[in-house]
């Protein structure tokens, strides 16, 4: 079953409204069993259930995982219809966050996309957590099968096509480089064409969507994770890779710069344009820093993203919301 396909503007609107209605009715049915409601993925545009949470005397807490407006812009051609949708999403985000009892950003960098929200309802907290005992790898650098791995949706906002083009350039200096592309999406055929047209079949393996067990195996068997995204929040894949000691190479978007300290826990790209990306990746993989970066990347995740740390942060946010 394919996990992609782009719905029409009308379908997107109808589905989103239907989803909000379902969430609202669920809140109404369960209103006597809760004091607060966390709105997580896409929570910034869930205006109807957030509004009813307020009406019902509950405390809506919106967790900002990224700007839905920015993501929408990156994924759609700017026609008149999508421009209207973009402005509508922006207005929804402002009103939804304005109604929230608490607005939680996963990193300091992410606040820049919501400059209009600036009051004591805002807090910054790392709410993600990683099972570091599960996401672990004892495989040394020299024995890891893949030099680079991309894991995620094959969409423009993720920069996957540009990364495929960068790989075709990298092969010129690294004829034996091994790269894994994991996932799929609307750009799947275009990525496949780049691989075929540039004779990369000996260097690149397309693996499609895989289960969680296989994700852990692949991350633990790769030297570097490449995240060439144009827009992100705090990607879970990044945290999982670092927990496996896989060194990240990523663009400086969303909350990524708050996690990757350049040449300490990974590498930051100045651009995801293919030629520049290829040059920088070439420089980074030539540096004899992998062991040190791998160790510090995993230590960073252990110290900040354990389940206990995440549980305490959730408890603290909930207490603050209920006491306001």
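Once fully extended, how much extra length lies between residue 311 and residue 172, figured as 0.36 nm per residue of separation less the alpha-carbon to alpha-carbon distance?
Full extension from residue 311 to residue 172 adds 45.3 nm.
Between the helical axis of 80-99 and the dominant principal axis of the chain, each derived from Cα atoms, what acute angle in degrees is found, rounded to the nearest 10?
Tilt of helix 80-99: around 60 degrees.
Report the convex hull volume per residue for the range 149-250, counting only C-alpha atoms, in Å³.
Normalising the Cα hull of the range 149-250 by residue number yields 91 Å³.
Return a whole-number percent for the relative contact order of the range 141-304, with Cα pairs under 8 Å and 6 or more residues apart as the contact set.
Once divided by the residue count of the range 141-304, the mean separation gives 24 percent.
Just 14, 247, 215 to compare: in a GNM of the chain, with alpha carbon springs under 10 Å, which one fluctuates most?
With Cα springs under 10 Å in the chain, the top fluctuation among 14, 247, 215 is at 14.
FRET efficiency for residue 145 and residue 236, Cβ-Cβ distance as r, R0 = 25 Å, nearest 0.05?
Taking R0 as 25 Å, the efficiency between residue 145 and residue 236 is 0.65.
Using a Gaussian network for the chain with springs between C-alpha atoms less than 10 Å apart, which of these wobbles most: 88, 123, 246?
Comparing 88, 123, 246 in a Gaussian network model of the chain, the most mobile one is 88.
Tell me, what is the FRET efficiency for residue 134 and residue 189 to the nearest 0.05, using R0 = 41 angstrom and their Cβ-Cβ distance as r?
Calculated transfer efficiency: 0.75.
Can you give the angle from 0 to 90° between the axis of helix 307-323 and the longest principal axis of the chain, with both taken from C-alpha atoms, to the nearest 10?
Approximately 20 degrees, to the nearest 10.
Modelled label-to-label distance, residue 201 and residue 287, 7 Å Cα→beta-carbon offset: nm?
3.6 nm
At 0.36 nm per residue, minus the direct Cα-Cα distance, what do residue 302 and residue 36 gain on full extension? Give it in nm, one decimal, please.
The residue 302-residue 36 span can extend by a further 92.9 nm.
Taking the number of other C-beta atoms within 10 Å as the exposure measure, put 83, 158 in order starting with the fewest.
83, 158
Can you tell me which of 129, 15, 150 moves the most in a GNM of the chain? Springs connect C-alpha atoms under 10 Å apart.
The residue with the greatest mean-square fluctuation here is 15.
Kindly express, to the nearest 10 degrees and within the range 0 to 90, the angle between helix 160-170's C-alpha long axis and the longest C-alpha principal axis of the chain.
With rounding to tens, the tilt is 20 degrees.
Please give the length that would be gained between residue 84 and residue 29 if that part of the chain were fully extended, namely 0.36 nm times their separation in residues minus their C-alpha to C-alpha distance (nm, one decimal).
Additional length available on full extension: 16.4 nm.
Rounded to two decimals, what is the ratio between the C-alpha radius of gyration of the chain and 2.2 N^0.38 Å?
In units of the 2.2 N^0.38 Å rule of thumb, it is 1.05.
Listing 196, 237, 251 from the residue with the fewest other Cβ atoms within 10 Å to the one with the most, what is the order?
Going from least to most buried by this count: 196, 237, 251.
What ranking of 85, 277, 110 emerges when the number of other C-beta atoms within 10 Å of each C-beta is taken as an exposure proxy, fewest first? List each step's numbers first, then the result.
Working: 85 18, 277 25, 110 22.
The fewest-first ordering by Cβ neighbours comes to 85, 110, 277.
Each value in this text was obtained by applying a stated rule to the coordinates, not by laboratory testing. Here the structure is a predicted model, which is why all the values come from computation and not from measurement. When we count neighbours, we look across all protein chains shown, and the Cβ atoms used for this are built from the backbone with ideal geometry, even at glycine.
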